[in-house]
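Presented below is the structure to which this report refers.
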Amino acid sequence: MNADAMKKQAAEAALGYVEGGVIGVGTGSTVNHFIDALATIRGRIEGAVSSSEASTARLKQHGIPVLDLNGVGELSLYVDGADESNDRLQLIKGGGGALTREKIVAAASRQFVCIADESKLVEVLGRFPLPVEVIPMARSYVARELVQLGGTPVWRDGFVTDNGNLILDVQHLEITDPRQLEQQINMIAGVVTVGLFAHRPADVLILGTPHGVRTLG
Ligand code: 5RP
């Protein structure tokens, strides 16, 4: 079974957490499978709050209403993928560059269900380069500060986020204390969002595997 089939399996299993109302929807290839599955039960929900322009377009293509987070209260459910997860369900996210809106929607949701193929579960976070969204004028300054923290930041050249900012992908980090590193990077002036989801980890992790889904949390 290939990775995409495992992502699809996890995405379809997440439908079991949808109880109605307005739900938060993340970004990425795993979430695309979730959106396609959600379309089959779209009559059961009022609509979705989206974490990216790409997901908004896909939701609309399926006739699922996309709502402004400012107009709805706390969301009961947020479903999103991840680039890495440890066994405490602390995540690296932002491979698709949507980390800021993803973090906002995750924070505004009661339950965060993360969907992924089994390769995303790791012992120590950091093999996947950690995305950091930065204000354009702060790019070089933030990069120097990230070097001080032991990383090797690489500018995702040519990529602009939905918020008009840039991404630095920080390589060579072995993240043994994700909460502390999230806090340290958040404190650097010019950082909009770091793609570490440790203070608000996932509540449930659904992994697609060749033997069926495995659920943690
Ligand atoms: C986008 C993300 C994605 O959830 C993450 O990159 C995983 O993507 P995929 O489902 O395509 O493997 O954080 O910003």
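The values are calculated or read from the model by the stated rules, or taken from the named source; none is laboratory data. Everything quoted here is computed from the prediction, not taken from an experiment. With ideal geometry, Cβ positions are generated from the backbone for all residues, glycine too; neighbour counts draw on all protein chains shown. Heavy atoms of the whole protein, side chains included, go into the accessibility calculation; ligands, DNA and RNA do not. Shrake-Rupley method; radii C 1.70, N 1.55, O 1.52, S 1.80 Å.
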Residue that is in contact with a His (Cβ under 7 Å, 6 or more places away or on another chain) and over 25 Å from residue 30 (Cβ atoms), where the choices are 176, 152
152
Could you say whether any residue in region 120-131 is open to solvent by 10 Å² or more (accessible area, probe 1.4 Å) and touching a residue at least 60 places away in the same chain (Cβ under 8 Å)?
yes
Among the residues that make up region 58-74, is at least one of them more than 29 Å from residue 211 (Cβ to Cβ), acidic (Asp, Glu) and surrounded by fewer than 22 Cβ atoms within 10 Å (Cβ to Cβ)?
yes
Of all residues being open to solvent by less than 10 Å² (accessible area, probe 1.4 Å) and among the hydrophobic types (A, V, I, L, M, F, W, C) in region 19-36, which is nearest to residue 72 (Cα to Cα)? Just the residue, please.
23
Just the residues that are surrounded by fewer than 22 Cβ atoms within 10 Å (Cβ to Cβ) and either more than 16 Å from the ligand (Cβ to nearest atom) or under 17 Å from residue 104 (Cβ atoms) (or both), please, taken from region 48-57.
53, 54, 56
Taking the conditions exactly as written (modelled with pLDDT of 95 or more, under 29 Å from residue 111 (Cα atoms), more than 14 Å from the ligand (Cβ to nearest atom) and among the polar types (S, T, N, Q)), does residue 180 satisfy them or not?
yes
State all residues of region 74-92 that are farther than 17 Å from residue 18 by Cα and not charged (D, E, K, R); if no residue qualifies, say none.
82, 85, 86, 89, 90, 91, 92
For residue 164, the lone unmet condition from (1) in contact with a helix residue (DSSP H, G or I) (Cβ under 9 Å, 6 or more places away or on another chain); (2) within 13 Å of the ligand (Cβ to nearest atom); (3) among the small types (Gly, Ala, Ser) is (2)
Qualifying residue in region 154-166 (condition: open to solvent by 80 Å² or more (accessible area, probe 1.4 Å), among the hydrophobic types (A, V, I, L, M, F, W, C) and in a strand (DSSP E or B)):
yes
Could you grab me the full set of residues in region 10-35 that are assigned to a helix (DSSP H, G or I) and within 13 Å of the ligand (Cβ to nearest atom)?
10, 11, 14, 29, 30, 31, 32, 33, 34, 35
Hand me the list of strands (runs of 3 or more DSSP E) wholly inside region 72-151 holding 1 or more residues that are closer than 15 Å to residue 182 by Cβ and more than 9 Å from the ligand (Cβ to nearest atom).
130-134
Going through region 185-214 in order, the residues found to be touching a residue at least 60 places away in the same chain (Cβ under 8 Å), β-branched (Val, Ile, Thr) and open to solvent by less than 20 Å² (accessible area, probe 1.4 Å) are 193, 194, 204, 206, 209
